[in-house]
2 protein chains.
Amino acid sequence: MSDELSVVGKRLPRWGASEKATGAARFLADIKLPGMLVGKILFSPHAHARILKIDTSKAEKLPGVEAVVTWQDVPKNLYNPNKLDLILVHPELEFKDMYVLSEKARFVGDRIAAVAAVDASVAQRALELIEVNYEALPAVFDPVEAMKPGAARIHDYAENNVSVRFGFPVAWGDVEKGFQEADVVVEETFRTAGNHICQMEPCTCIASFAADGRLTIWSPSQHPFLHRRKLAEIFGMPEGRIKWITPHVGGAFGKYGSLSLEPVCAALAKKAGRPVKLEFSREEDLFGTEPRQRYISSGKIGVKKDGSIIALQEKMIVDGGAYYTHNFSTTAVNMGGFTGLYRCPNVAAEATCVYSNVPPTGGVRGYGNHEGTCVLEQLVDAAARKIGMDPLEMRLKNAKKAGDPSSTGIPMETCTFEEMIKLGAEKIGWKEKRLRKKETGPKRYGIGMGIAMDVSGAQPFNIQHRNAFIKFNEDGSANLLVNAADLGQNIIGALMQIAAETLGLKYGDIHVVAGDTDSTLYDIGQHASGGTYQIGHAVINAAEEAKKDLFARAAGRLGVPADDLEVKAGRISAKSDPTKEVSVGEVVKEAMYNFKGEHLNISGKGSFSPTLNPPPFSVVFTEVEVDTETGEVKVLKILYLADPGKAINPATVEGQLEGAIAQSLGYVLSEDYAINKKTGVLESDNFNTYKLVSALDMPETEVILYEKPVPSGPFGAKGVAQGAMIAVTPSIANAIYDAVGVFITDMPATPEKILAALNRR
Amino acid sequence: MSDELSVVGKRLPRWGASEKATGAARFLADIKLPGMLVGKILFSPHAHARILKIDTSKAEKLPGVEAVVTWQDVPKNLYNPNKLDLILVHPELEFKDMYVLSEKARFVGDRIAAVAAVDASVAQRALELIEVNYEALPAVFDPVEAMKPGAARIHDYAENNVSVRFGFPVAWGDVEKGFQEADVVVEETFRTAGNHICQMEPCTCIASFAADGRLTIWSPSQHPFLHRRKLAEIFGMPEGRIKWITPHVGGAFGKYGSLSLEPVCAALAKKAGRPVKLEFSREEDLFGTEPRQRYISSGKIGVKKDGSIIALQEKMIVDGGAYYTHNFSTTAVNMGGFTGLYRCPNVAAEATCVYSNVPPTGGVRGYGNHEGTCVLEQLVDAAARKIGMDPLEMRLKNAKKAGDPSSTGIPMETCTFEEMIKLGAEKIGWKEKRLRKKETGPKRYGIGMGIAMDVSGAQPFNIQHRNAFIKFNEDGSANLLVNAADLGQNIIGALMQIAAETLGLKYGDIHVVAGDTDSTLYDIGQHASGGTYQIGHAVINAAEEAKKDLFARAAGRLGVPADDLEVKAGRISAKSDPTKEVSVGEVVKEAMYNFKGEHLNISGKGSFSPTLNPPPFSVVFTEVEVDTETGEVKVLKILYLADPGKAINPATVEGQLEGAIAQSLGYVLSEDYAINKKTGVLESDNFNTYKLVSALDMPETEVILYEKPVPSGPFGAKGVAQGAMIAVTPSIANAIYDAVGVFITDMPATPEKILAALNRR
């Protein structure tokens, strides 16, 4: 099939490229509505405090202030900002513990009140005029401390601050027996880092109630329909009375899987009777939106002398922060990644999710799988060292194969680990470089690797329902109506390519209507790399339905049976006699403007929900140089082999992988979401203290798309974006170990920590 | 059926009522795009002139000027702003004679050049800096003069300035023989008035090219899809690369059946590379957008002594102004109204359409039928007088009946003339009032009547293809996606009622997406009162398709066959056992969020194109008092009986009729579109000289909706709005004759003209 593709698989400009390049693209910051007010939030300065009294009277009297809201003004409906309860097979596993504004402060940055005023300075002054009497309470910033008897209780219902405790739902075998039978057991405890995604555009929202009471939200949600439903539940409104618009989004990476500013923005707009824009500063975004969960993860691996892994166990304490949010679901995914990557007969995992007085955590790229795999892949290296085996050989020995269940438990149609590991080893020169004599000077060379599998959606644990609609224009172009939020990942461009390929049109012939719940059909939204794989099929189904009409019409005109027709580059022709041909535009125009009344509006709708879940595979090799005098790590090269099934647009897939490399580098080496252990204040609250990786920090990178189309995928494609960090992070950690022989069990591996570890050793 | 209706037939708030009442509704004047420029047009000060040279260099150098365009900068594609060539069965009858900017001035106000600048004052100054060398040419302002040998030739191709000459396509019988057999023949020549509709919002347009070259137009078009296609042809662009947005519209009444500012606005935006808004002042709107055609109409009627009409003939000279526009089509419709209102065995009509150096004319409410019927209805009264018959009796004798062809030639399912004439006569006290002794003082009482039929679309002469799409939300509400431009006539509200009724929902449960060619399916647009009748069916078809899915789903849940189900007020129940019931929202939610993968996106699309064309009928009685000393006419009362089939929303139908009464009053009595006979300058160029009828001028009115549902209509409805002036105008004229015995053959019947006529008599 691949040979014949004319649009899919091509390196085409991403959707919105020209708009973004020229600055014409409108992000939330660019949107100004008539009469729009500026909203601001009053955050708790206390990590834990009872609110004795709030007096907003002075703020309300300030000229230019149009609304002040506290917890007393907002609906008394608890919610969980995570959308998953709506689509999870066991919705009871998501727990609601949050109000639009807090009745009690649970972290420094908890939302206490909000104002809407004519401009930012009036709004700021109004915040200062709100008088809050707090009774400071003892606070706890560490999950282990939080579980101890006598620790401050953060939520009334949660004894010992435990929000949920659970074992991995699909544990199998007998893990204790496995460890007994193992020749070597390695156990290590890691504290995974809770970094922040630092998307380019700080979190922003606009809310506006129309004269008839209908609410419009402009917000970069990854799940406009699900968040619409959540917001409706909070405000006791029917879902249909909310319109959710997703404009251009300056990065999401999982964070907009949660509701964020929408509820408070809507509460302000409702009270003010005018549109309100809430726009976080970088500081507010860092403490006020969800970072990654922190896991205290005790990983244990048992291997036989021949290298086969026979037991895997993970025990976690999860620091979810002040609210429940994604605690359960990321932790479950973490377990899936830890237990599901390799063939292993005995696995078990368990976790205790704990509240603490720090910012609540959420879904960030990799969504638990990143952290679980990171622990596992370091343990694999450690076990290989213990039995004197090349860790690459150990991976080859234990890697899963086609037909095996993936980490979701669904059998895999393909599996390219073996081929990619071998190809990568050859490309990077693994054997030679592993044997390479480590420098004796202060700078030590190391090489490491990591592998990962991720998902093409969250099935079978989540409901994955996708829809698309296609209508033809009389010029032969087609409009694709779909609610795929393009977060910068170019899902829309990919869907345009799929539509163009299926309809036999050119890429530029597809016009997209997206980002509006009113005019598009239901879609569960963007998460877990499910977009291309799932919506791609909905698009194909819609296109095929539209094409049926198109061919029926063309068949009559050309005097051939419809099944003898094909369409390419906008022209329909008979396979049996290519001289019989007509343009798509002519057929559509004739159908649209048919005097005989034999009109046809050539269009089609398509639905899809998946039964399979093909994982994308990653194999990453990293070379580093560690300075033993300064503790600095220099990443020399990263070789990334990825199997996306079929890359619909190789250029943007490569972009995804390169972005993930940068994010992993930051995660391993520099990004420190540092909370003061005594006050709970976020200390790394801007980019002077929170060190992101920039273009200048990037090593030499080589990305190889190892495309093995999956039968179930649209043109063979599966997911790729969400999981792209997962193998990179442990490959860097393993390279550092290879260089200097230290585990960094507590990322980021800053020079200070490396020096300290070297000294300990 | 009518008894059971719960939404259709109810007096509900019109669509957008709360937005409009609170001022939140955004009209074009309210829309501001980032970087938007102000456009202005340079109009010809000459009625007829050759352009020898245009020098724009000084204007271009003025700081703040971003674009200057003349005819040399715009595409060299002739066009006709009237959309009809795209949907007319004989498109060759519409003729293209206009460029975006003129290469020659043909009337005072012809568009010579345009500028786009940072603000209005810079744009104005730039216009003043454009140097145009005109060679003034002899001009002609009267169609009779224009046809004479030696008259200035306005278009090279048009000999004697005749644009088209044609006989009525469906003449029948032998009209000469008919007149010979008649006992009485009356012939009279009328000069019908070319008034201007004076919609509240002056003509405005915004054009903006995106970075990828896609064009968005914001414009109050009645035919967004057709005008998109026209604009595409002018600029040589594919249709799909234009997005046409119709915001709230401040009145249209037929005028936005023509392209107006869009081509020049797009030319400016293209050259400037920035969005441009063009906004006419009231003066510009009056001379720069299309008024009604002026007919010199010689009408002839032959009747037998018993009152039967046996011959009708109309010969017209049509003053279409400087361009072709709607000349042919309005004139053909005029003929249809004149020849088709009554049963008559012998009819003929012919017309010569002529260019002159006055503003080009276009489609205005009534669209020719108004003028043709106005002539006919005065002739009927005259003939009745000659044979000494009550004109009401003559109308009863000749009125058409169900089964007769309407003025479009299509057989009518119903005809309520007889019933409405009798009911109206009784209500107004016709017999007594006709016999009432005319006052002997200066104030004379008169009573007159008029009847009319109009259309529910332009079939069979035009292609009428309509589409709608409906999708359900999980709260049980539904979104209706449709490209019905709501021009203030509340077509959207009517379609919401139809959708709600069909779906078994409440009015407030229907949310509408309209006014955007990208997200809605093709629709021919709003003209000829076809909206409710035609789109109504498309909506019903879409709703029935969606309901099929809904019932199939509910049937499984309730354990009854789908055909046993009904839905009312949002609840689905079994007819056989009403205790088996479930809400629409529950069914939709279950289908949307179905864990088993048995998802269903409950939605439906519907198309419609009509084969019948049921005419709405009007019967109007008017009482006047004419002051023979001042010539002033005071309208005392108007009784309006209208048969809209079924009034979907009686309140807005009545509003349509009351608005038409005001417009007819202005047409007959005060609105004088006065062009200087020597210069071609429009003298009545604002509301101080162009006298509209205001609320204070309104007489006592009584509107009776005589509803006789047509079998082919959606819930029995047919058209009503466009034709609502038609019977009012002649009823006033006939009442004036009844009062003082003078024909006003040249409206408006100003006091001066009435005095002059009284003096002549």
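Residues that are without any contact (Cβ under 8 Å) to a residue 60 or more places away in the chain and hydroxyl-bearing (Ser, Thr, Tyr) within segment B:301-330 comprise just one, B:330.
Select from segment B:626-643 the residues that are within 19 Å of residue B:662 (Cβ to Cβ) and surrounded by 20 or more Cβ atoms within 10 Å (Cβ to Cβ) and list them in ascending order.
Our first condition is that a residue be within 19 Å of residue B:662 (Cβ to Cβ); within segment B:626-643, this holds for B:632-642.
If the condition is that a residue be within 19 Å of residue B:662 (Cβ to Cβ) and surrounded by 20 or more Cβ atoms within 10 Å (Cβ to Cβ), then B:633, B:635, B:638, B:639, B:640, B:641, B:642 are the ones that fit.
For segment A:18-59, the tally of residues that are polar (S, T, N, Q) and open to solvent by less than 30 Å² (accessible area, probe 1.4 Å) stands at 2. Picking from residues in segment A:434-463 that are of a type outside the set (A, V, I, L, M) and within 17 Å of residue A:394 (Cβ to Cβ), the one that is surrounded by the fewest Cβ atoms within 10 Å (Cβ to Cβ) is A:434.
Could you grab me the full set of residues in segment B:125-177 that are aromatic (Phe, Trp, Tyr) and either under 22 Å from residue B:359 (Cα atoms) or assigned by TED's automatic domain parsing to the domain that holds residue B:678 (or both)?
Within segment B:125-177, the first condition is being aromatic (Phe, Trp, Tyr), and the residues that meet it are B:134, B:141, B:157, B:166, B:168, B:172.
Passing the criteria: B:134, B:141, B:157.
When the residues of segment B:79-105 are filtered to those that are under 15 Å from residue B:42 (Cβ atoms) and open to solvent by 10 Å² or more (accessible area, probe 1.4 Å), the one that is nearest to the other protein chains (Cβ to nearest Cβ) is B:99. Flag not set for residue A:281, criterion: surrounded by 20 or more Cβ atoms within 10 Å (Cβ to Cβ) and of a type in the set (Ser, Thr, Tyr).
Determine, yes or no, whether residue A:207 is touching a strand residue (DSSP E or B) at 6+ places or on another chain (Cβ under 8 Å), at pLDDT 95 or above and open to solvent by 10 Å² or more (accessible area, probe 1.4 Å). Give the derivation first.
Details: touching a strand residue (DSSP E or B) at 6+ places or on another chain (Cβ under 8 Å): yes; at pLDDT 95 or above: yes; open to solvent by 10 Å² or more (accessible area, probe 1.4 Å): no.
When the stated conditions are applied, residue A:207 does not pass them.
Report whether or not residue A:388 is without any contact (Cβ under 8 Å) to a residue 24 or more places away in the chain and under 21 Å from residue A:344 (Cβ atoms). Considered against the rule, which asks whether it is without any contact (Cβ under 8 Å) to a residue 24 or more places away in the chain and under 21 Å from residue A:344 (Cβ atoms), residue A:388 comes out as yes. Every condition in (1) modelled with pLDDT of 95 or more; (2) under 18 Å from residue A:731 (Cα atoms); (3) surrounded by 19 or more Cβ atoms within 10 Å (Cβ to Cβ) is met by residue A:659 except one, and the failing one is (3).
Going by what's in this entry, would residue B:694 be described as hydroxyl-bearing (Ser, Thr, Tyr) and touching a strand residue (DSSP E or B) at 6+ places or on another chain (Cβ under 9 Å)? Spelling it out, it is not the case that residue B:694 is hydroxyl-bearing (Ser, Thr, Tyr) and touching a strand residue (DSSP E or B) at 6+ places or on another chain (Cβ under 9 Å). Scanning segment A:130-161 for residues that are open to solvent by 20 Å² or more (accessible area, probe 1.4 Å) and among the β-branched types (Val, Ile, Thr) turns up A:132, A:144.
Give the number of residues within segment A:598-621 that are in a loop (DSSP other than H, G, I, E, B) and facing another protein chain (nearest Cβ under 7 Å).
Start the filter on segment A:598-621 by keeping residues that are in a loop (DSSP other than H, G, I, E, B), which leaves A:598-602, A:609-616.
Those left that are additionally facing another protein chain (nearest Cβ under 7 Å): A:599, A:601, A:609, A:611.
Total meeting the criteria: 4.
Restricting attention to segment B:205-223, which residues are of a type in the set (Ser, Thr, Tyr) and either under 17 Å from the mean Cα position of the chain (by Cα) or away from chain A (no Cβ under 14 Å) (or both)? Spell out the reasoning first.
As a first pass, look at segment B:205-223 and keep what is of a type in the set (Ser, Thr, Tyr): B:208, B:216, B:219, B:221.
Once the filter is applied, which keeps residues that are of a type in the set (Ser, Thr, Tyr) and either under 17 Å from the mean Cα position of the chain (by Cα) or away from chain A (no Cβ under 14 Å) (or both), segment B:205-223 yields B:219, B:221.
Looking at segment A:355-374, is at least one residue farther than 22 Å from residue A:399 by Cα and of a type in the set (Lys, Arg)? Scanning segment A:355-374 turns up at least one residue that is farther than 22 Å from residue A:399 by Cα and of a type in the set (Lys, Arg). Only a single item in (1) in contact (Cβ under 8 Å) with a residue 40 or more places away in the chain; (2) more than 29 Å from residue B:563 (Cα to Cα) is not met by residue B:519, and it is number (1). Residue A:478 passes every criterion in (1) more than 9 Å from chain B (Cβ to nearest Cβ); (2) open to solvent by less than 10 Å² (accessible area, probe 1.4 Å); (3) hydrophobic (A, V, I, L, M, F, W, C) apart from (1). When residue A:242 is tested against (1) under 28 Å from residue A:328 (Cα atoms); (2) among the aliphatic types (A, V, I, L, M); (3) buried (at least 24 other Cβ atoms within 10 Å of the Cβ), exactly one condition is not met: (1).
Given segment A:317-412, what helices (runs of 4 or more DSSP H) lie entirely inside it while holding 1 or more residues that are modelled with pLDDT under 95 and farther than 30 Å from residue A:434 by Cα? Spell out the reasoning first.
On the way: elements: A:327-340, A:369-387, A:391-398.
The qualifying helices (runs of 4 or more DSSP H) are A:327-340.
Only strands (runs of 3 or more DSSP E) whose full extent lies in segment B:178-253 are considered here, and the ones with at least 3 residues that are more than 30 Å from residue A:26 (Cβ to Cβ) are B:184-191. Taken over segment B:1-21, the criterion of being under 29 Å from the mean Cα position of the chain (by Cα), among the aliphatic types (A, V, I, L, M) and more than 10 Å from every other protein chain (Cβ to nearest Cβ) is satisfied by B:7, B:8, B:12. The residue that is nearest to the other protein chains (Cβ to nearest Cβ), among those in segment B:481-522 that are assigned to a strand (DSSP E or B) and buried (at least 24 other Cβ atoms within 10 Å of the Cβ), is B:481.
So how many residues does segment A:224-258 have that are in contact with a Ser or Thr (Cβ under 8 Å, 6 or more places away or on another chain) and either touching a residue at least 60 places away in the same chain (Cβ under 8 Å) or away from chain B (no Cβ under 13 Å) (or both)?
Pass one, segment A:224-258, residues in contact with a Ser or Thr (Cβ under 8 Å, 6 or more places away or on another chain): A:224-225, A:227-228, A:238-246, A:255-256, A:258.
Going one step further and asking which of them are either touching a residue at least 60 places away in the same chain (Cβ under 8 Å) or away from chain B (no Cβ under 13 Å) (or both), we end up with A:224-225, A:227-228, A:242-246, A:255-256, A:258.
Count: 12.
Take the conditions under 30 Å from residue B:217 (Cα atoms), open to solvent by 10 Å² or more (accessible area, probe 1.4 Å) and not polar (S, T, N, Q) and apply them to residue B:538. Does it pass? Taking the combined requirement at face value, the residue does not satisfy it. Filter segment B:350-364 down to residues that are open to solvent by 10 Å² or more (accessible area, probe 1.4 Å) and not polar (S, T, N, Q) and give me whichever is nearest to residue B:176 (Cα to Cα). This residue is B:350. Taking the numbered list (1) surrounded by fewer than 19 Cβ atoms within 10 Å (Cβ to Cβ); (2) at positive phi in turn, residue B:715 passes all entries but (1).
Within segment B:534-555, not a single residue is in a loop (DSSP other than H, G, I, E, B) and within 14 Å of chain A (Cβ to nearest Cβ). Of all residues in segment B:259-282, those that are within 14 Å of another protein chain (Cβ to nearest Cβ) and part of a loop (DSSP other than H, G, I, E, B) total 3.
Being within 14 Å of chain B (Cβ to nearest Cβ) and touching a residue at least 24 places away in the same chain (Cβ under 8 Å) is true for just one of A:24, A:29. Which residue is that? Full working, then the answer.
Values: A:24 fails: touching a residue at least 24 places away in the same chain (Cβ under 8 Å).
So the residue among A:24, A:29 that is within 14 Å of chain B (Cβ to nearest Cβ) and touching a residue at least 24 places away in the same chain (Cβ under 8 Å) is A:29.
The values are calculated or read from the model by the stated rules, or taken from the named source; none is laboratory data. Source: prediction; values computed, not measured. Here Cβ is always computed from backbone atoms with ideal geometry, including for glycine, and neighbour counts include all displayed protein chains. Heavy atoms of the whole protein, side chains included, go into the accessibility calculation; ligands, DNA and RNA do not. Shrake-Rupley method; radii C 1.70, N 1.55, O 1.52, S 1.80 Å.
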